[in-house]
1. Please identify the pairs in which a residue from region 82-98 that is over 21 Å from Pro52 (Cβ atoms) has its Cβ atom under 6 Å from the Cβ atom of a residue that is surrounded by 15 or more Cβ atoms within 10 Å (Cβ to Cβ), counting only partners at least 6 apart or on another chain.
2. Looking at region 63-72, can you tell me whether even one residue there is part of a helix (DSSP H, G or I), on the phi < 0 side of the Ramachandran plot, modelled with pLDDT of 95 or more and touching a Phe, Trp or Tyr at 6+ places or on another chain (Cβ under 6 Å)?
3. Would it be correct to say that Gly225 is loosely packed, with under 13 Cβ neighbours inside 10 Å and closer than 21 Å to Leu41 by Cβ?
4. When residues of region 152-173 are filtered for being part of a loop (DSSP other than H, G, I, E, B) and over 18 Å from the mean Cα position of the chain (by Cα), how many remain?
5. Any residue in region 175-188 that is closer than 13 Å to Gln140 by Cβ and in contact (Cβ under 8 Å) with a residue 60 or more places away in the chain sitting within a Cβ distance under 6 Å of a residue that is part of a strand (DSSP E or B) and among the hydrophobic types (A, V, I, L, M, F, W, C)? List the pairs, counting only those 6 or more apart or interchain.
6. Just checking, which of Ala109, Ala91 is farther than 21 Å from Glu202 by Cα and either in contact with a Leu (Cβ under 9 Å, 6 or more places away or on another chain) or in a loop (DSSP other than H, G, I, E, B) (or both)?
7. Tally the residues that are touching a Gly at 6+ places or on another chain (Cβ under 6 Å) and farther than 23 Å from Ala182 by Cβ, restricting the search to region 103-121.
8. Might you check whether a residue that is part of a helix (DSSP H, G or I) and among the aromatic types (Phe, Trp, Tyr) occurs anywhere in region 31-50?
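The values are calculated or read from the model by the stated rules, or taken from the named source; none is laboratory data. Values in this document were obtained by computation on a predicted structure and should not be read as measured data. Methodologically, a virtual Cβ is constructed for each residue, glycine included, from the backbone with ideal geometry; neighbour enumeration extends over all protein chains shown.
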Amino acid sequence: MLYDGPVDTRIEHPIIAINGLLSLEKEPSVRVANRYSDSVLKAGGIPIVIPPVGGPLDIDRLLDHVDGLLLSGGDDFDTARLGLGPTHPAADPTPTAKQDFDFLLAKRAVERGLPVLGVCYGMQVLGLAEGADIHQHLPQDRPDGRIHSGGVEHEVDVEAGTKLARLLGVERLPVLSRHHQALCSVQPPWSVCAVDDEGLIEAIERADHPFAVGVQWHPELGPEGSRHDRLFRGLVGAAGLALAERIGI
(Lines give C-alpha, C1' and ligand atoms only; values in the text may rest on other atoms or scores of the structure.)
Protein backbone atom coordinates (compact mmCIF):
# COMPACT_ATOMS: atom_id res chain seq x y z
CA MET A 1 0.00 0.00 0.00
CA LEU A 2 1.39 3.39 -1.00
CA TYR A 3 1.40 6.21 1.53
CA ASP A 4 -0.36 9.23 0.02
CA GLY A 5 -0.65 11.46 3.06
CA PRO A 6 1.42 14.50 3.94
CA VAL A 7 5.18 14.03 3.72
CA ASP A 8 7.11 14.43 6.96
CA THR A 9 10.30 16.11 5.78
CA ARG A 10 12.15 14.85 8.85
CA ILE A 11 12.30 11.42 7.18
CA GLU A 12 14.53 12.92 4.52
CA HIS A 13 16.26 15.27 6.94
CA PRO A 14 16.19 13.77 10.44
CA ILE A 15 17.09 15.95 13.40
CA ILE A 16 20.49 15.19 14.93
CA ALA A 17 21.29 16.60 18.37
CA ILE A 18 24.90 17.57 19.03
CA ASN A 19 26.29 18.10 22.52
CA GLY A 20 28.72 20.97 22.97
CA LEU A 21 31.54 22.25 25.10
CA LEU A 22 30.55 24.10 28.27
CA SER A 23 32.35 27.40 28.72
CA LEU A 24 32.31 28.90 32.23
CA GLU A 25 33.83 32.24 31.24
CA LYS A 26 31.69 35.19 32.42
CA GLU A 27 28.51 33.08 32.32
CA PRO A 28 27.90 29.42 31.36
CA SER A 29 27.48 28.97 27.61
CA VAL A 30 27.67 26.17 25.06
CA ARG A 31 29.74 26.10 21.89
CA VAL A 32 30.19 23.57 19.10
CA ALA A 33 32.71 23.69 16.27
CA ASN A 34 30.90 24.18 12.97
CA ARG A 35 32.68 21.17 11.50
CA TYR A 36 30.33 18.85 13.39
CA SER A 37 27.21 20.64 12.21
CA ASP A 38 28.57 20.83 8.66
CA SER A 39 29.21 17.08 8.63
CA VAL A 40 25.64 16.34 9.75
CA LEU A 41 24.19 18.81 7.27
CA LYS A 42 26.19 17.38 4.35
CA ALA A 43 24.99 13.90 5.33
CA GLY A 44 21.37 15.05 5.02
CA GLY A 45 20.55 15.70 8.66
CA ILE A 46 19.39 18.81 10.48
CA PRO A 47 21.89 19.63 13.25
CA ILE A 48 20.78 21.21 16.51
CA VAL A 49 23.06 22.06 19.42
CA ILE A 50 22.00 21.07 22.92
CA PRO A 51 23.30 22.71 26.12
CA PRO A 52 24.27 20.62 29.16
CA VAL A 53 21.35 21.65 31.35
CA GLY A 54 18.62 19.71 33.13
CA GLY A 55 18.26 16.27 34.62
CA PRO A 56 17.02 12.83 33.52
CA LEU A 57 13.43 13.95 32.83
CA ASP A 58 14.65 16.88 30.75
CA ILE A 59 16.98 14.62 28.77
CA ASP A 60 14.13 12.21 28.03
CA ARG A 61 11.99 15.10 26.82
CA LEU A 62 14.83 16.25 24.60
CA LEU A 63 15.39 12.80 23.12
CA ASP A 64 11.66 12.52 22.39
CA HIS A 65 12.12 15.28 19.81
CA VAL A 66 15.32 14.25 18.00
CA ASP A 67 16.12 11.36 15.68
CA GLY A 68 19.80 10.84 16.39
CA LEU A 69 22.65 12.00 18.59
CA LEU A 70 26.22 13.06 17.84
CA LEU A 71 28.48 13.13 20.90
CA SER A 72 31.25 15.49 19.86
CA GLY A 73 34.85 15.80 20.96
CA GLY A 74 35.66 17.55 24.21
CA ASP A 75 37.98 17.87 27.16
CA ASP A 76 39.18 15.24 29.63
CA PHE A 77 37.43 13.33 32.38
CA ASP A 78 37.26 13.93 36.10
CA THR A 79 38.11 10.28 36.72
CA ALA A 80 37.90 10.70 40.49
CA ARG A 81 34.21 11.52 40.06
CA LEU A 82 33.82 8.34 38.00
CA GLY A 83 35.51 6.15 40.61
CA LEU A 84 38.47 5.50 38.29
CA GLY A 85 41.24 6.91 40.45
CA PRO A 86 42.73 10.38 40.89
CA THR A 87 42.41 12.71 37.93
CA HIS A 88 45.73 12.97 36.08
CA PRO A 89 47.56 16.30 36.56
CA ALA A 90 47.86 16.65 32.76
CA ALA A 91 44.09 16.45 32.35
CA ASP A 92 41.91 19.43 31.48
CA PRO A 93 38.75 18.14 33.16
CA THR A 94 35.33 18.71 31.65
CA PRO A 95 33.14 20.87 33.93
CA THR A 96 31.18 18.67 36.32
CA ALA A 97 27.80 19.81 34.99
CA LYS A 98 28.72 18.80 31.45
CA GLN A 99 30.36 15.50 32.39
CA ASP A 100 27.32 14.43 34.42
CA PHE A 101 24.94 15.58 31.68
CA ASP A 102 26.86 13.76 28.95
CA PHE A 103 26.82 10.47 30.85
CA LEU A 104 23.07 10.70 31.39
CA LEU A 105 22.55 11.71 27.77
CA ALA A 106 24.62 8.84 26.39
CA LYS A 107 23.00 6.23 28.64
CA ARG A 108 19.46 7.29 27.86
CA ALA A 109 20.09 7.57 24.11
CA VAL A 110 21.56 4.07 23.94
CA GLU A 111 18.84 2.60 26.17
CA ARG A 112 16.17 4.05 23.89
CA GLY A 113 17.79 2.64 20.76
CA LEU A 114 18.42 6.12 19.40
CA PRO A 115 21.11 6.18 16.67
CA VAL A 116 24.26 7.64 18.22
CA LEU A 117 27.77 8.40 17.00
CA GLY A 118 30.52 9.30 19.46
CA VAL A 119 33.67 11.14 18.36
CA CYS A 120 36.85 11.14 20.50
CA TYR A 121 35.58 12.27 23.95
CA GLY A 122 32.14 11.19 22.71
CA MET A 123 33.35 7.63 22.12
CA GLN A 124 34.92 7.56 25.55
CA VAL A 125 31.64 8.70 27.13
CA LEU A 126 29.79 5.83 25.44
CA GLY A 127 32.27 3.28 26.75
CA LEU A 128 32.73 4.72 30.24
CA ALA A 129 28.97 5.00 30.72
CA GLU A 130 28.82 1.20 30.54
CA GLY A 131 31.86 0.03 32.48
CA ALA A 132 34.89 0.79 30.29
CA ASP A 133 38.25 1.88 31.70
CA ILE A 134 40.54 4.60 30.41
CA HIS A 135 44.16 5.49 29.84
CA GLN A 136 44.41 8.90 31.47
CA HIS A 137 47.52 10.17 29.70
CA LEU A 138 49.23 8.95 26.54
CA PRO A 139 51.96 8.05 25.99
CA GLN A 140 52.69 7.87 29.74
CA ASP A 141 50.23 5.00 30.23
CA ARG A 142 51.72 3.23 27.17
CA PRO A 143 55.38 4.29 27.26
CA ASP A 144 56.31 2.62 23.98
CA GLY A 145 53.27 3.98 22.12
CA ARG A 146 52.92 6.95 19.81
CA ILE A 147 51.65 10.36 20.79
CA HIS A 148 48.03 10.83 19.69
CA SER A 149 47.55 14.53 20.43
CA GLY A 150 48.01 17.53 18.18
CA GLY A 151 46.53 16.20 14.96
CA VAL A 152 48.65 13.07 14.53
CA GLU A 153 47.94 11.09 11.38
CA HIS A 154 48.11 7.29 11.47
CA GLU A 155 46.17 4.26 10.27
CA VAL A 156 43.59 2.10 12.02
CA ASP A 157 42.67 -1.50 11.32
CA VAL A 158 38.92 -2.14 11.20
CA GLU A 159 37.70 -5.55 12.37
CA ALA A 160 36.27 -7.52 9.46
CA GLY A 161 32.58 -8.39 9.71
CA THR A 162 31.74 -5.52 12.07
CA LYS A 163 29.13 -2.86 11.47
CA LEU A 164 31.94 -0.34 11.18
CA ALA A 165 33.67 -2.37 8.47
CA ARG A 166 30.45 -2.63 6.47
CA LEU A 167 29.84 1.08 6.90
CA LEU A 168 33.32 2.20 5.86
CA GLY A 169 33.84 -0.46 3.21
CA VAL A 170 37.54 -0.89 4.10
CA GLU A 171 39.58 -2.72 6.71
CA ARG A 172 42.31 -0.06 6.99
CA LEU A 173 41.81 3.68 7.14
CA PRO A 174 44.06 6.73 7.62
CA VAL A 175 42.79 8.89 10.49
CA LEU A 176 43.60 12.08 12.38
CA SER A 177 43.90 11.98 16.18
CA ARG A 178 43.66 14.80 18.70
CA HIS A 179 43.59 13.12 22.11
CA HIS A 180 45.77 12.08 25.01
CA GLN A 181 43.19 9.91 26.79
CA ALA A 182 41.85 6.66 25.34
CA LEU A 183 39.79 3.66 26.37
CA CYS A 184 41.87 0.71 27.52
CA SER A 185 38.93 -1.72 27.82
CA VAL A 186 35.21 -1.97 27.15
CA GLN A 187 32.48 -4.10 28.63
CA PRO A 188 29.80 -6.10 26.78
CA PRO A 189 27.59 -5.44 24.96
CA TRP A 190 30.16 -2.97 23.61
CA SER A 191 32.95 -4.47 21.54
CA VAL A 192 36.13 -3.14 19.98
CA CYS A 193 35.82 -2.83 16.19
CA ALA A 194 39.05 -0.99 15.29
CA VAL A 195 42.56 -0.62 16.72
CA ASP A 196 45.75 1.08 15.60
CA ASP A 197 48.92 -0.83 14.77
CA GLU A 198 49.92 -0.69 18.45
CA GLY A 199 46.67 -2.22 19.65
CA LEU A 200 45.12 0.98 21.03
CA ILE A 201 41.31 0.98 20.89
CA GLU A 202 40.18 3.21 18.02
CA ALA A 203 36.48 2.35 17.63
CA ILE A 204 33.70 0.57 19.50
CA GLU A 205 30.19 -0.54 18.59
CA ARG A 206 27.18 -2.45 19.88
CA ALA A 207 25.96 -5.31 17.74
CA ASP A 208 22.59 -5.34 19.56
CA HIS A 209 21.81 -1.70 18.73
CA PRO A 210 20.49 -0.17 15.46
CA PHE A 211 23.40 2.29 15.33
CA ALA A 212 25.71 2.83 18.30
CA VAL A 213 29.27 3.54 17.15
CA GLY A 214 32.17 5.43 18.67
CA VAL A 215 35.44 6.41 16.99
CA GLN A 216 38.52 7.78 18.70
CA TRP A 217 39.64 9.83 15.71
CA HIS A 218 38.03 12.93 14.19
CA PRO A 219 36.09 11.99 11.03
CA GLU A 220 34.73 15.54 10.74
CA LEU A 221 38.32 16.62 9.96
CA GLY A 222 38.76 14.04 7.22
CA PRO A 223 39.06 15.12 3.57
CA GLU A 224 35.73 16.00 1.98
CA GLY A 225 34.36 13.09 0.02
CA SER A 226 36.46 10.57 1.96
CA ARG A 227 35.23 7.42 3.68
CA HIS A 228 35.00 9.37 6.94
CA ASP A 229 31.82 10.94 5.55
CA ARG A 230 30.20 7.51 5.70
CA LEU A 231 30.10 7.68 9.48
CA PHE A 232 27.84 10.74 9.37
CA ARG A 233 25.77 9.31 6.52
CA GLY A 234 25.38 6.14 8.57
CA LEU A 235 24.16 8.10 11.58
CA VAL A 236 21.73 10.22 9.54
CA GLY A 237 20.51 7.20 7.58
CA ALA A 238 19.84 5.20 10.74
CA ALA A 239 18.05 8.21 12.25
CA GLY A 240 15.83 8.50 9.17
CA LEU A 241 14.94 4.80 9.25
CA ALA A 242 14.16 4.93 12.96
CA LEU A 243 11.94 7.96 12.47
CA ALA A 244 10.06 6.36 9.58
CA GLU A 245 9.44 3.26 11.69
CA ARG A 246 8.20 5.29 14.62
CA ILE A 247 5.64 7.21 12.58
CA GLY A 248 4.60 4.17 10.59
CA ILE A 249 5.83 4.97 7.08
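1. What qualifies is Gly85/Thr79; His88/Gln136; His88/His137; Ala90/His137.
2. First, the residues of region 63-72 that are part of a helix (DSSP H, G or I): 63.
Among the residues that remain, those that are also on the phi < 0 side of the Ramachandran plot are: 63.
Okay, now just the ones that are also modelled with pLDDT of 95 or more, so 63.
Add one more test, that the residue is touching a Phe, Trp or Tyr at 6+ places or on another chain (Cβ under 6 Å), and what stays is none.
No, region 63-72 contains no residue that is part of a helix (DSSP H, G or I), on the phi < 0 side of the Ramachandran plot, modelled with pLDDT of 95 or more and touching a Phe, Trp or Tyr at 6+ places or on another chain (Cβ under 6 Å).
3. Details: loosely packed, with under 13 Cβ neighbours inside 10 Å: yes; closer than 21 Å to Leu41 by Cβ: yes.
Taking the combined requirement at face value, the residue satisfies it.
4. Step one: list which residues in region 152-173 are part of a loop (DSSP other than H, G, I, E, B), which gives 159-162, 169-171.
Right, trim to over 18 Å from the mean Cα position of the chain (by Cα) and you get 159-161, 169-171.
Within region 152-173, residues that are part of a loop (DSSP other than H, G, I, E, B) and over 18 Å from the mean Cα position of the chain (by Cα) number 6.
5. Short answer, once both residue conditions are applied: Gln181/Ile134.
6. Numbers: Ala91 fails: farther than 21 Å from Glu202 by Cα.
Just one listed residue meets the conditions, Ala109.
7. So the first thing to find is which residues in region 103-121 are touching a Gly at 6+ places or on another chain (Cβ under 6 Å), and the list is 115, 118-121.
Add one more test, that the residue is farther than 23 Å from Ala182 by Cβ, and what stays is 115.
The total comes to 1.
8. yes
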